[in-house]
1. Given the criteria hydrophobic (A, V, I, L, M, F, W, C), modelled with pLDDT under 90 and surrounded by fewer than 12 Cβ atoms within 10 Å (Cβ to Cβ), does residue 110 qualify?
2. Can you tell me which residue in the range 214-268 is nearest to the chain's Cα centre (by Cα), limited to those that are of a type in the set (A, V, I, L, M) and part of a loop (DSSP other than H, G, I, E, B)?
3. Quick check on my filter: what residues within the range 183-199 are modelled with pLDDT under 70 and surrounded by 13 or more Cβ atoms within 10 Å (Cβ to Cβ)?
4. Restricting the range 116-137 to residues that are in contact with a helix residue (DSSP H, G or I) (Cβ under 9 Å, 6 or more places away or on another chain) and not in a helix (DSSP H, G or I), which is nearest to residue 105 (Cα to Cα)?
5. From the list 119, 103, 97, exactly one residue is surrounded by 14 or more Cβ atoms within 10 Å (Cβ to Cβ), farther than 30 Å from residue 26 by Cβ and not aromatic (Phe, Trp, Tyr). Which is it?
6. Determine, yes or no, whether residue 276 is in contact with a Leu (Cβ under 6 Å, 6 or more places away or on another chain), assigned to a helix (DSSP H, G or I) and of a type in the set (Phe, Trp, Tyr).
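The values are calculated or read from the model by the stated rules, or taken from the named source; none is laboratory data. Not measured: the values here are computed from a predicted model. Please note: Cβ atoms are built from the backbone with ideal geometry, for glycine as well, and neighbour counts cover all protein chains shown.
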Amino acid sequence: MNQTKSTQRNIGLDILRILACLFVVISHTSSQLAVNAPLTSFNGLVAHIMNTIGHTGTILFLFISGSLLLSEDYSFIPRKFYTRNFLRLLIAYYSWVIIYHLVGFIQRGIYTPTHAKDVLLNIIEGKAGYHFWYLPMLLGIYLLLPFLRAICHKSKALVAYFVAFFLVVQIGFSTLLIPEFPYKYLLASLMNRIPLTLVNHYAGYFVLGYFLTQLIKDGKIKTPRLWGWLLIISGPLLSVAGDFLLVAQQGTHNVAFNGLFAAPLCISAIGFFLLFHSRQPVLSERGQHMVLQFSKLTFGIYMLHPMILSGMNEILPGISTSTGIPGILLMTILVFFLCGILSRILCLIPFLRKWIFFA
């Protein structure tokens, strides 16, 4: 979601950033139908696929950030980075926490001292909405950035080991432990006892974005666009197949293969990244400018969309569930573009653009 300096801007990554933001909105507009509608129904199946693709948005944001911030072309000066990028994101995070609580405070109309105290404590703790987890996670990765850059620039073999370890330990074992199988608890117990926090969390996706970029630059992936399409299609199909397996095992509807560390999502996200990173789209100068300007709005869209989605659900109650897939598509388009328009208007104010919308 952040902008970085590089020798040559990859407009494909700007388009991918916009797409990733749209995917995040889709994941939230489709979640209720994906969770409640049976996979055997048309609406349930399509909502499940949409939800799987939607969840790749978070991974794509990390791929893009890792690709740019870990690059040798990025001029990383710790003092400058932490007094600008890190500080701006930290201020934006707490500003949005306060904004969400103020809106909720006004909506509920409850002004008792006890409630005010709870709100104040939630603000201090940084609690506000279901999408706020991403910002402190990204701040944590920012703190690790000098170490991650040292790993990436030390040797290609070291980066490959880091990525392979992440794919096996986090993605592989997380996916393996979803379905039931004999003595599953033994493997789960073993994995829970090994502290691998640096590798087995979101920093792995961050480094993977850089690793994929290097593979593309070095020509190690011969047909990246073909592989991109194959992986994009394979991810949702594997997710559906995995959740059908869970239904057969447990007898109840399940969407566990839609998890952020499940292999189908990782596969699909890699596909999107290869597709958009490997080839620069042919756009006019005006077209590139429009993409860049819209790309800068993605942070604001991300932060605003749950608030706008909640408001739209009150205006159009049940549209995402009662009308099925058309309702999800309509709600996604309305929320995405309303947030984009609102972000664009508010970004006209320099202070808001710099400190609140991180644009």
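1. Values: hydrophobic (A, V, I, L, M, F, W, C): yes; modelled with pLDDT under 90: yes; surrounded by fewer than 12 Cβ atoms within 10 Å (Cβ to Cβ): no.
No; evaluated as a whole, the condition is false for this residue.
2. Per the stated criteria, the residue is 260.
3. First, the residues of the range 183-199 that are modelled with pLDDT under 70: 194-199.
Answer for the range 183-199, where residues must be modelled with pLDDT under 70 and surrounded by 13 or more Cβ atoms within 10 Å (Cβ to Cβ): 196, 198, 199.
4. The selected residue is 128.
5. Unique residue meeting the criteria: 119.
6. So residue 276 passes the test.
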